[in-house]
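The values are calculated or read from the model by the stated rules, or taken from the named source; none is laboratory data. Everything numeric in this text was worked out from a predicted model, so none of it was measured. Cβ atoms come from the backbone with ideal geometry, glycine included; neighbour counts cover every protein chain shown. Side chains are part of the model used for accessible areas, which takes the heavy atoms of the whole protein and leaves out ligands, DNA and RNA. Shrake-Rupley method; radii C 1.70, N 1.55, O 1.52, S 1.80 Å.
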Amino acid sequence: MSKQERNLNPARLRVVLVLQGGGALGAYQAGVFQAMHEHGLAPEWIVGTSIGAINAAILAGNPHETRLERLREFWQSIAHRDSYDMRRVPDLQRRSNVLLQTWDTLIRGVPGFFSPRWPSMFPLGAAVAPEQASFYDTSALETTLNRLIDWDYLNQPGGMRLTVNALKVTCGTLRSFDNRQLAISADHIRASGALPPGFPPVRIDGELYWDGGLYSNTPLETVLDDDEHVDTLCFMVDLWSADGQEPTTLDEVQTRQKDVTFASRSQRHLDDYVKRHRMQQKIRDLYLALPGHAQSEQGARDLAELGCGSTLHVVRLPYAGRDWNMAAKDINFSRGSIEWRWEQGYQDALRGIQAAGWLSLVSEDTPLVVHELPPLQNAPHSQVA
């Protein structure tokens with residue numbers, strides 16, 4: 001453990017990174033990881049959905065010293081070259097450039113990621129093979145992932161834990177693919193990001209899967225339901241905002257709809273987690289209050305399985321980019337936009353790390369502490385539950 005890591009994580013909390021879906025907005029997640037990487041807070045476990053699954057697989061599938069390099073290579077390779085330096089032009093000109101780049105994505109796709117499915121009768125309502133029921137083909141993504149990821153390294157015992165979520169098409173249930181339980185491949189990552197009708201479902205072991213974000217776009221519940229009850233420091237990245245102003249134009253309405261649809265439901269999950277923890281603590285207290293003859297070895301084992309003595313620290317990192325209220329902001333792969341999002345994720349994560357609210361003392365029976373980003377140049381703000 002480095003000196004920096006000892007200073008930021010002296011209690012050896014398990015470090016987890018939770019990444020939701022959001023297409024091109026996922027560059028913000030890359031910036032968050034860069035800040036964690038530079039401060040010795042390498043995640044032991046990454047849980048991802050959609051673009052979060054792609055970022056997560058690149059990180060888990062490369063050694064510590066090349067992770068950031070491979071992640072940057074991915075985002076640079078899928079970025080659309082801008083006609084001019086977006087940092088040197090007025091806001092109106094930047095917006096015009098983004099609109100052109102977005103239309104270019106719709107028409108030509110993103111090299112190394114997805115391309116239009118031509119010819120195809122699917123847009124005209126004709127029946128096609130299930131794996132071809134989409135506007136775009138994502139086979140190029142498989143090639144890109146195989147180039148950037150060492151699957152043997154990703155799946156070897158003792159490495160970074162990776163969990164990606166996908167939705168089973170035929171029954172609507174969520175499936176978590178975990179490299180502790182099976183060998184993860186490019187198909188699992190493509191399945192996690194197969195958002196219909198743009199992207200096709202991916203067949204794994206005979207079953208078709210769609211984007212896990214259709215069920216839950218922020219896979220925090222995967223961490224909350226984990227059987228490994230240990231003190232945890234969880235960095236949770238939110239790319240969509242549930243809060244927003246009343247929309248007045250069609251574009252604003254569509255943007256608000258997409259934000260609400262894919263925004264994190266994490267608060268509900270966190271509230272349920274606290275309630276469950278407190279109930280488990282009550283059960284523990286009641287059992288320990290029993291006379292000795294009423295206790296048993298089996299009772300002690302059942303009590304241990306409750307695992308209610310751990311504390312979860314959640315550092316919430318919300319993407320705050322306004323993107324001109326564009327409903328298609330998640331397919332804006334303009335290089336300038338990607339670089340800006342990466343830098344925002346980096347700066348926001350630095351604020352959270354510098355605040356380091358998880359270093360404050362909490363009682364042993366505290367199940368959860370949520371650390372919001374502190375206002376610029378102000379003290380950290382945490383919510384203890």
### Task
Considering only residues that are part of a loop (DSSP other than H, G, I, E, B) and in contact with a strand residue (DSSP E or B) (Cβ under 8 Å, 6 or more places away or on another chain), look in region 288-331 and name the one that is modelled with the highest pLDDT.
319
### Query
Among (1) under 23 Å from residue 230 (Cα atoms); (2) within 22 Å of the chain's Cα centre (by Cα), which single condition is residue 7 missing?
(2)
## Note on the structure
Conditions (1) assigned to a helix (DSSP H, G or I); (2) over 20 Å from residue 341 (Cα atoms) -> residue 30 fails only (2)
#### Entry: Residues satisfying the stated conditions in region 209-255, i.e. open to solvent by less than 20 Å² (accessible area, probe 1.4 Å) and in a strand (DSSP E or B)
209, 211, 232, 233, 234, 235, 236, 237, 238
### Query
Using beta carbons and a limit of 8 Å, which pairs, at least six apart or on different chains, have the first residue in region 62-79 and over 15 Å from residue 51 (Cα atoms) and open to solvent by 20 Å² or more (accessible area, probe 1.4 Å) and the second one at pLDDT below 95 and of a type in the set (A, V, I, L, M, F, W, C)?
64/42
### Task
Would you be able to say whether some residue in region 157-170 is assigned to a helix (DSSP H, G or I) and crowded, with 17+ Cβ neighbours inside 10 Å?
no
### Task
Spot the failing condition for residue 281; the list is (1) touching a Cys at 6+ places or on another chain (Cβ under 8 Å); (2) not in a helix (DSSP H, G or I), and only one is missed.
(2)
### Message
If I ask for residues that are surrounded by fewer than 17 Cβ atoms within 10 Å (Cβ to Cβ) and closer than 22 Å to residue 209 by Cβ, which ones from region 124-144 would you list?
### Response
127, 128, 129, 130, 131, 132, 139, 142, 143
### Task
Go through (1) over 30 Å from residue 85 (Cα atoms); (2) buried (at least 20 other Cβ atoms within 10 Å of the Cβ); (3) in contact with a Ser or Thr (Cβ under 6 Å, 6 or more places away or on another chain) one by one and return the number of the condition residue 273 breaks.
(3)
### Task
For residue 181, indicate whether it is within 29 Å of residue 225 (Cβ to Cβ) and either in contact (Cβ under 8 Å) with a residue 40 or more places away in the chain or open to solvent by 50 Å² or more (accessible area, probe 1.4 Å) (or both).
yes
### Task
Looking only at region 277-292, decide whether some residue is open to solvent by 30 Å² or more (accessible area, probe 1.4 Å) and within 26 Å of residue 241 (Cα to Cα).
no
